[in-house]
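Everything on this sheet refers to the single structure shown next.
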């Protein structure tokens with residue numbers, strides 16, 4: 001059974017799906033969607049949902065609360081189940097323009113930046129955050145572990 005399904009029209013993120021094997025416990029596959037938007041669109045979303053009138057690289061919109069580090073049971077989320085039986089965990093919105101700028105700024109490939117943003121977004125959908133330093137360390141460790149499984153380093 002695939003443990004994670006990523007729906008995206010523009011890119012194939014099957015490597016990310018595979019790399020997340022063993023990173024969470026669930027009794028049904030999890031599903032997430034990835035949407036690419038313009039700088040203007042992500043700025044508008046950032047202002048509306050976070051109160052920040054600025055372009056950002058990625059926004060995550062989780063559908064499940066209280067799942068960080070806990071087993072995810074389909075019975076606990078009956079209204080968040082897709083027609084294929086997957087538990088929908090949320091949406092990731094990426095500004096491709098900003099991702100390209102960041103890849104150049106950080107001196108790595110666009111592919112690396114894009115995969116990092118997807119992994120980062122998925123961690124948020126799974127309940128991780130980086131507001132407190134201790135939580136940030138846990139989230140960063142998970143990101144690095146998943147990226148490492150794909151052979152993508154910092």
State which residue is surrounded by the most Cβ atoms within 10 Å (Cβ to Cβ) when the search covers only the stretch 66-87 and only residues that are free of Cβ contacts under 8 Å to residues at least 60 places away in the same chain and under 23 Å from residue 138 (Cα atoms). 72
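With respect to residue 19, determine if the residue is in contact with a helix residue (DSSP H, G or I) (Cβ under 9 Å, 6 or more places away or on another chain) and under 24 Å from residue 147 (Cβ atoms). I'd like the intermediate steps shown before the answer.
Values: in contact with a helix residue (DSSP H, G or I) (Cβ under 9 Å, 6 or more places away or on another chain): yes; under 24 Å from residue 147 (Cβ atoms): yes.
Yes, satisfied.
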Residue 44 without any contact (Cβ under 8 Å) to a residue 60 or more places away in the chain, assigned to a strand (DSSP E or B) and over 22 Å from residue 148 (Cβ atoms): no
For the stretch 24-35, enumerate the residues that are in contact (Cβ under 8 Å) with a residue 60 or more places away in the chain and more than 13 Å from the chain's Cα centre (by Cα). 24, 26
For the stretch 69-154, which fully contained helices (runs of 4 or more DSSP H) count at least 1 residues that are at pLDDT 95 or above, in contact with a strand residue (DSSP E or B) (Cβ under 7 Å, 6 or more places away or on another chain) and under 23 Å from residue 28 (Cα atoms)? 110-125
Could you check the stretch 23-41 and list, in sequence order, the residues that are outside any strand (DSSP E or B), touching a helix residue (DSSP H, G or I) at 6+ places or on another chain (Cβ under 9 Å) and closer than 24 Å to residue 153 by Cα? 23
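Regarding the stretch 116-133, can at least one residue be identified that is exposed (fewer than 12 other Cβ atoms within 10 Å of the Cβ) and touching a residue at least 24 places away in the same chain (Cβ under 8 Å)?
Kept after step one, since they are exposed (fewer than 12 other Cβ atoms within 10 Å of the Cβ), are these residues of the stretch 116-133: 131-133.
Retained after the next criterion (residues that are touching a residue at least 24 places away in the same chain (Cβ under 8 Å)): none.
Looking for residues that are exposed (fewer than 12 other Cβ atoms within 10 Å of the Cβ) and touching a residue at least 24 places away in the same chain (Cβ under 8 Å), one finds none in the stretch 116-133, hence no.
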Residues that are at pLDDT 95 or above and exposed (fewer than 14 other Cβ atoms within 10 Å of the Cβ): does the stretch 14-25 have at least one? no
Criterion: modelled with pLDDT of 95 or more and over 17 Å from residue 126 (Cα atoms) - qualifying residue of 61, 36: 36
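The values are calculated or read from the model by the stated rules, or taken from the named source; none is laboratory data. Bear in mind that the values here come from a model prediction, so they are computed numbers and not experimental data. In this analysis, Cβ positions are derived from the backbone assuming ideal geometry, glycine residues included, and neighbour counts consider all displayed protein chains.
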